Amino acid sequence: MESNIIQKPDGKLGVLIVGLNGAISTTFLAGIYAVKKGFAKPIGSLTQMGTIRIGKRSDNNFPLIKDFVPLASLDDLVFGGWEIRDESCYEAAKYAKVLNETDLNNAAEELKSLKPMKGVFDQNYVKRLTGTYVKEGKTKYELMMKIRDDIKSFKELHSLDRVVVIWAASTETFIPVSEVHKTKEAFIEGMKNNHPDISPSMLYAYAAVAEGAPYINGSPSLSVDAPAIVDFANEMDVPVAGKDFKTGQTLVKTVIAPMLKARLLGLSGWFSTNILGNRDGEVLDDPGSFKTKEESKLSVIDSILQPDLYPDLYDNYYHKVRINYYPPRGDNKEGWDNIDIFGWLGYPMELKINFLCRDSILAAPIVLDLILFADLAKRSNMKGIQEWMSLFFKSPMHSPDVVPEHDLFIQMMKLKNTLRKLMNESPITHLDTNGVAHRIEDFECYD
């Protein structure tokens, strides 16, 4: 953070969604229109319903976050985006079958008017989908420049002051970081030479950063976290965040794993399986795309439990993740976790969790919060990786020289303390003041 001076959210904020007609996107959009019309409450949204404590506990000061920090208003959001199918958001929402007829009809007029721009698509990166409404170009560099043109045209058409770009499209096949991702020069050359390790999601990320637009990666794919694009974001003073929206099973893991560690309970094994029937489930039925998702899901527990520091408790646990495509379930994802733990004197115990959730219903408020916080970061002169937004991601982007933070409660504290810092309020540490009040005052923070 270079400055605590925050530009006011004056004017309109453009929101460009990659995967505009996906289940998550259309559920998010229908919800925004319903909230604006007074048909619904923004349940699940931290920016709209969450509070933040300011000052000492005795002050009893808990304003809404949206009243504490200068966030863009829902009335000032203008939506657009890209898709690989030529259909309106209303048609796509009907296909997704996430929302009932009443909720669809409440937003029908707006959803019917939202039609996508042609997307950049290559089936080599998402095997189970076919694109029928896609951009054409001789090189990936040319395609990236067409995305840039789209962003410029969208801003001009709607007289926008600012734009945020968010990826809510499908998971791409697994791509490890290679030389082409390490420097901007190598990446540009790779785009011009159609390097196979440069995927469509990377083109969107690079284009957004080049246009000064904050970029959010909601998938586990290698994208804006490529070192070349992170460096470019720092160079362009653009905030970026990712990756992989944290919604169902992994959200539970970031709550349960800290509990085990806090009580020093050992872990023998953690078996996780899911069934999912939407397009996301279909895409993840491909081994390449599943590999990308698996890498994101498997990293969480190790990071929280720190087996190297607690070898007697976590050195040899078995962790397996399965995702099964099951069309009858649609967007209603179901996750099972069997957790074998041990306690005093090594006696075994078990935890079993069955989470019957709705994937897009959980993701939609995350999309809203990330958009508003990314815009806040840009107006606050923040740039590069926004680690304070890790609360919303399965595999949070982080600086290469630090350990990623997955504990949900630490992530929330980090986010709220960042907001306090932005507003020139003291952070809260929850230190006990009994007998050490002078130390707390020295640190200029509250218990």
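The values are calculated or read from the model by the stated rules, or taken from the named source; none is laboratory data. These numbers come from a predicted model, not from an experiment. Here Cβ is always computed from backbone atoms with ideal geometry, including for glycine, and neighbour counts include all displayed protein chains.
Details
- Of all residues in region 362-409, those that are of a type in the set (Lys, Arg) and either under 13 Å from the mean Cα position of the chain (by Cα) or under 13 Å from LEU251 (Cβ atoms) (or both) total 1.
- Among the residues of region 170-185, just one is closer than 20 Å to ALA233 by Cβ and touching a Gly at 6+ places or on another chain (Cβ under 7 Å), namely VAL180.
- Filter pass, HIS398 being closer than 18 Å to PRO220 by Cα, modelled with pLDDT under 95 and either touching a helix residue (DSSP H, G or I) at 6+ places or on another chain (Cβ under 6 Å) or not assigned by TED's automatic domain parsing to the domain that holds MET259 (or both): yes
- Note on region 43-109: enclosed helices (runs of 4 or more DSSP H) holding 1 or more residues that are farther than 30 Å from LEU408 by Cα, assigned by TED's automatic domain parsing to the domain that holds ILE24 and polar (S, T, N, Q) are 101-106.
- Every residue from region 301-318 that is surrounded by 14 or more Cβ atoms within 10 Å (Cβ to Cβ) and farther than 23 Å from VAL402 by Cβ: LEU313, TYR317
- You will find that of LYS152, LYS140, LYS146, the residue that is touching a residue at least 12 places away in the same chain (Cβ under 8 Å), under 30 Å from LYS378 (Cβ atoms), buried (at least 22 other Cβ atoms within 10 Å of the Cβ) and among the charged types (D, E, K, R) is LYS140 and no other.
- Condition broken by VAL367, with the remaining ones in (1) in the same structural domain as ALA93 (by TED's automatic domain parsing); (2) at positive phi satisfied: (2)
- VAL18 being touching a residue at least 60 places away in the same chain (Cβ under 8 Å), surrounded by fewer than 19 Cβ atoms within 10 Å (Cβ to Cβ) and under 25 Å from VAL165 (Cβ atoms): no
- So THR26, is it at pLDDT 95 or above, more than 15 Å from ILE371 (Cβ to Cβ) and assigned to a helix (DSSP H, G or I): yes
- Filtering region 324-338 to residues that are farther than 19 Å from ILE256 by Cβ and either assigned to a strand (DSSP E or B) or touching a helix residue (DSSP H, G or I) at 6+ places or on another chain (Cβ under 9 Å) (or both) leaves ASN324, TYR325, TYR326, PRO327, ARG329, GLY330, ASP331, ASN332.
- Check on ILE341, in contact with a Pro (Cβ under 8 Å, 6 or more places away or on another chain), in a strand (DSSP E or B) and outside the structural domain of ALA23 (by TED's automatic domain parsing): yes
- Out of LEU143, LEU160, LEU203, sole residue that is aliphatic (A, V, I, L, M), modelled with pLDDT of 95 or more and part of a loop (DSSP other than H, G, I, E, B): LEU160
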